[in-house]
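The values are calculated or read from the model by the stated rules, or taken from the named source; none is laboratory data. For clarity, every value in this text was computed on a predicted model and none was experimentally measured. In this analysis, Cβ positions are derived from the backbone assuming ideal geometry, glycine residues included, and neighbour counts consider all displayed protein chains.
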Amino acid sequence: MKILKRTSVLVLLVIAVMMLTACGTDEIDISSYADQQIVLTGIEDEPVVISIADLKAMKCKTLKAESTSDKIGKVKATGPELGTVLEKYGAKKEDFSKMIICGSDEYDVKLLKDYITEHDIYLAFGIDGQPLDEESLPCRIIIPNSDSAYWVRMVTSIEFIK
């Protein structure tokens, strides 16, 4: 009986580690837009250009998110959290007083420091286990438990202001 319990615990532990590290990113085929880029300004002296493949290579999470408005509802988003992206460049969300997220459709959202630090902000490259649709490429911002007006799609640039 002890061996069976140990084996069960070990199997559960292995499954948990696999879920935490893989997060379903391998199943999302980004090959058609992997080289599309997002420009990040204000992190370093020069703009930082990051590809969707770069995002997928980071520590990612697949999470169920729901907006507080009825427009989008519930989604299962996959991508790195903003803090993970910033960490790669030696920055933290707390370093900035504001950020401006811009989409290729000229829609933009300005977020202030309190909002940035109090919310998890994901740069999603997949929704519901699938690649993004043409109307969301190259990346979609997902902020769980927030108004979907903040869920910018077609993200091409993010400006960080100290």
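Filter segment 109-125 down to residues that are in a strand (DSSP E or B) and either modelled with pLDDT under 95 or aliphatic (A, V, I, L, M) (or both) and give me whichever is nearest to GLY83 (Cα to Cα).
Start the filter on segment 109-125 by keeping residues that are in a strand (DSSP E or B), which leaves 109-112, 122-124.
Now restrict to residues that are either modelled with pLDDT under 95 or aliphatic (A, V, I, L, M) (or both): 109, 111-112, 123-124.
Details: VAL109: 18, LEU111: 15, LEU112: 15, LEU123: 10, ALA124: 13 Å.
Among them, the one singled out is LEU123.
What residue, among those in segment 56-98 that are in contact with a Leu (Cβ under 9 Å, 6 or more places away or on another chain) and small (Gly, Ala, Ser), is farthest from SER157 (Cα to Cα)?
Checking each candidate, the answer is ALA77.
Among what's in segment 145-162 and is small (Gly, Ala, Ser) and not in a helix (DSSP H, G or I), pick the residue that is modelled with the highest pLDDT.
Of all residues in segment 145-162, those small (Gly, Ala, Ser) come to 146, 148-149, 157.
Those still in the list that are not in a helix (DSSP H, G or I) too: 146, 157.
Details: SER146: 89, SER157: 97.
The residue in question is SER157.
Can you tell me which residue is farthest from ILE101 (Cα to Cα) among those in segment 137-162 that are of a type in the set (Ser, Thr, Tyr) and surrounded by fewer than 20 Cβ atoms within 10 Å (Cβ to Cβ)? Spell out the reasoning first.
Start the filter on segment 137-162 by keeping residues that are of a type in the set (Ser, Thr, Tyr), which leaves 146, 148, 150, 156-157.
If we keep only those that are surrounded by fewer than 20 Cβ atoms within 10 Å (Cβ to Cβ) as well, we get 148, 150, 156-157.
Details: SER148: 14, TYR150: 9, THR156: 8, SER157: 6 Å.
If we take residues in segment 137-162 being of a type in the set (Ser, Thr, Tyr) and surrounded by fewer than 20 Cβ atoms within 10 Å (Cβ to Cβ), then SER148 is farthest from ILE101 (Cα to Cα).
Consider segment 142-153. How many of its residues are over 14 Å from TYR115 (Cα atoms) and under 13 Å from the mean Cα position of the chain (by Cα)?
Of the residues in that region, 2 qualify.
Is there a residue being hydrophobic (A, V, I, L, M, F, W, C) and at pLDDT 60 or above anywhere in segment 9-21?
Within segment 9-21, the subset hydrophobic (A, V, I, L, M, F, W, C) is 9-20.
Next, only the ones that are at pLDDT 60 or above stay: none.
No: segment 9-21 contains no residue that is hydrophobic (A, V, I, L, M, F, W, C) and at pLDDT 60 or above.
Name the residues in segment 86-119 that are among the charged types (D, E, K, R), surrounded by 13 or more Cβ atoms within 10 Å (Cβ to Cβ) and in contact (Cβ under 8 Å) with a residue 40 or more places away in the chain, would you?
Listed by number, the residues that qualify are ASP95, LYS98, ASP108.
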